[in-house]
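Please read the structure below before turning to the comments.
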Amino acid sequence: MNTPTDNDLETMIRAGLRRHAADAPTDLGAPLPSSGEVTADSDLPTHAHSRLRWLAPAAAAAVAIAVPGGILVRNLLSDGSATVASPSTSTLAQQNPTRDPAARPAGIPADWRSESYAGVQVWVPPTWGWGGAPARFDWNGGESIDCASWRAYTRPGSSAYEQMSADLPYVGRPVMMTDACAGAGGGHPSVDAVIFGAVAIEPGTETYSDGMVRETRNVGSVGVTVFSKDAALRAQILDSASEVSVDANGCPTVAPDVGKHSTWSATGEATGMSVCAYDQSDRLLFSTTSSPAAAATYAAATTKGEPLGEGRTAAPAKEYDRVFIRVTLASGQGRFDHFSPSDGQYVVRDAAGRLVTVAATEANVAPWAKNNGAVKAYVAGGSWSDSAPWQRWFRGILG
Amino acid sequence: MVTTMTPTAFETWVRPRLPDLLRFGYLVTGSYDAAQDAVQTALASAYEKWEHVSTRDHPEQYVRRMITNAHISAWRAHGRRQVPVAEPTPGHLPDPSAAIADHDAVWRMCAGLPPQQRAAVVLRFYEDLDYAEIARVLDCPEATARSHIHRALIRLRTQLTSGDPS
């Protein structure tokens, strides 16, 4: 066909939209919020059975929030002169009947790293990458989407977003890694893998025709599944699983509050940094750590900000995935900064105790996002990053 | 004028606008259920803040922003929504097939856009807003709004001329 002009296209779009607008719903599918049946509850996960949202009692949100984050986060980073608890000495960890989250379980090699999801932590070899897991999405009618080969993945130390590999074991989380998964058939990994929270996988052991073995255990409310032909490896990983309130990277399982849970001093060198990412259900999605040098670079690049505008609060909207940067100082003080992947801004409690916004720059994003395979796998950059040179450090919205 | 936060005031404002909001939600989300969800979410939030929302110069635009944001939230939670439509057929087609194919091409193009960009297209070509108004609704720079539209046109042109369904 002849190349259409802009006017042709605009005409076509107008006509197409008018045509499709006729298919729009004619009713809301629920009473108006003013009908008295409504709890306009911003705390409810936006995707959690949203069609029931308006009838959901406030108690549902209260339960979801109250266990156990409010108390636990307060203990992690307290107001005033209290210090940032290190994971190994955290009151949280001491309250938790399970093992100290930073303590490496017996038999776990020294170079293995921790991985946590929704309050469950395991230890895996350092070379393992990150990928997806079978998940259920309401836009798909609640059907389980099994990404067959679970083929989108990232590697440690790289921001490359790659396709199926025959040689990369990985950690999987129920995240839509790529739209290419939709419509894919079922399957199982052909490499060693541990996946969290996979739907439609029951506890137990299953052997596939290719010799791959699946072993699944429930740890708390989260299913942990290991795929491997090596029984010892499966046992080693599954035996390392434990429930945690703060994981080995210092990330609480419920998102912190920048204003309440940060202490900060103008003096003192940043000595550590963790990335703590939460999904819209307020679950800790993943965490990683960066080097002390990276922490120092990051802290230096987030010192200048603008006071929060009127009407804005330190509590970020829950309708977005949220990333918190946990910075610790040699003094023991520290802070949680909120980074919004949707608009590329930080909310930081500065040295004067004010809440300020700090625009994302390459200098303050690189220390934790550059060549961080976990960030690349699970943090989608918003439209702000379309033209930014560091866009490649985040996952595209379509995978 | 300050409108007090009463069900009556809220309902009085919402009811005549609900069909328009649902059509906007549908075009932005591309899904019947998602449109209802996005509008529900936006109205729940608007009701909660009605005393503030109702005093804005353009509450309609503000609610449309809320609808867009609600959809962006769902998008981020669940990834790209799949909206099955017929493959656009390249080349000359006689009417009425050509018009149907064009409509499907538009729908497919929209389905492939990130939610904010898609909302910009709907605001520009369905709501007939200018770029400054689109920028206000989407809370983005005007240049970004222009860029959204420009890129959408490029995408549709490419799709029509190459037969690329993506």
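Tabulated values for the structure
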{"quantity": "A:Pro156 being open to solvent by 30 Å² or more (accessible area, probe 1.4 Å) and either of a type in the set (Phe, Trp, Tyr) or at pLDDT 85 or above (or both)", "calculated": "yes"}
{"quantity": "Answer residue from region B:115-142, given it is open to solvent by 40 Å² or more (accessible area, probe 1.4 Å) and of a type outside the set (D, E, K, R) and is farthest from the other protein chains (Cβ to nearest Cβ) among those", "calculated": "B:Tyr131"}
{"quantity": "Which listed residue is modelled with pLDDT of 80 or more and either closer than 16 Å to A:Tyr378 by Cβ or surrounded by fewer than 16 Cβ atoms within 10 Å (Cβ to Cβ) (or both), from A:Gly187, A:Gly131, A:Gly142", "calculated": "A:Gly131"}
{"quantity": "Conditions (1) within 24 Å of A:Leu308 (Cα to Cα); (2) open to solvent by 10 Å² or more (accessible area, probe 1.4 Å): number failed by A:Asn372", "calculated": "(1)"}
{"quantity": "Residue within region A:335-357 that is of a type in the set (S, T, N, Q), surrounded by fewer than 17 Cβ atoms within 10 Å (Cβ to Cβ) and either at pLDDT 90 or above or over 19 Å from the mean Cα position of the chain (by Cα) (or both) present", "calculated": "no"}
{"quantity": "Members of region B:47-61 that are in contact (Cβ under 8 Å) with a residue 24 or more places away in the chain and more than 12 Å from the chain's Cα centre (by Cα)", "calculated": "B:Tyr47, B:Trp50, B:Glu51, B:Ser54, B:Thr55, B:His58, B:Pro59, B:Glu60"}
{"quantity": "Residues of region B:143-166 that turn out to be without any contact (Cβ under 8 Å) to a residue 40 or more places away in the chain, among the polar types (S, T, N, Q) and either more than 9 Å from chain A (Cβ to nearest Cβ) or touching a strand residue (DSSP E or B) at 6+ places or on another chain (Cβ under 7 Å) (or both), as a count", "calculated": "1"}
{"quantity": "Criterion: farther than 15 Å from B:Asn69 by Cβ, out of contact with any Asp or Glu (no Cβ under 7 Å at 6 or more places or on another chain) and assigned by TED's automatic domain parsing to the domain that holds B:Ala105 - qualifying residue of B:Arg136, B:Arg146", "calculated": "B:Arg146"}
{"quantity": "Residue within region A:237-245 that is part of a strand (DSSP E or B) and within 18 Å of A:Gly332 (Cα to Cα) present", "calculated": "no"}
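The values are calculated or read from the model by the stated rules, or taken from the named source; none is laboratory data. The model shown is predicted, which means the values in this text are computed figures rather than measured ones. With ideal geometry, Cβ positions are generated from the backbone for all residues, glycine too; neighbour counts draw on all protein chains shown. SASA here: full protein model, heavy atoms, side chains in, ligands and nucleic acids out. Shrake-Rupley method; radii C 1.70, N 1.55, O 1.52, S 1.80 Å.
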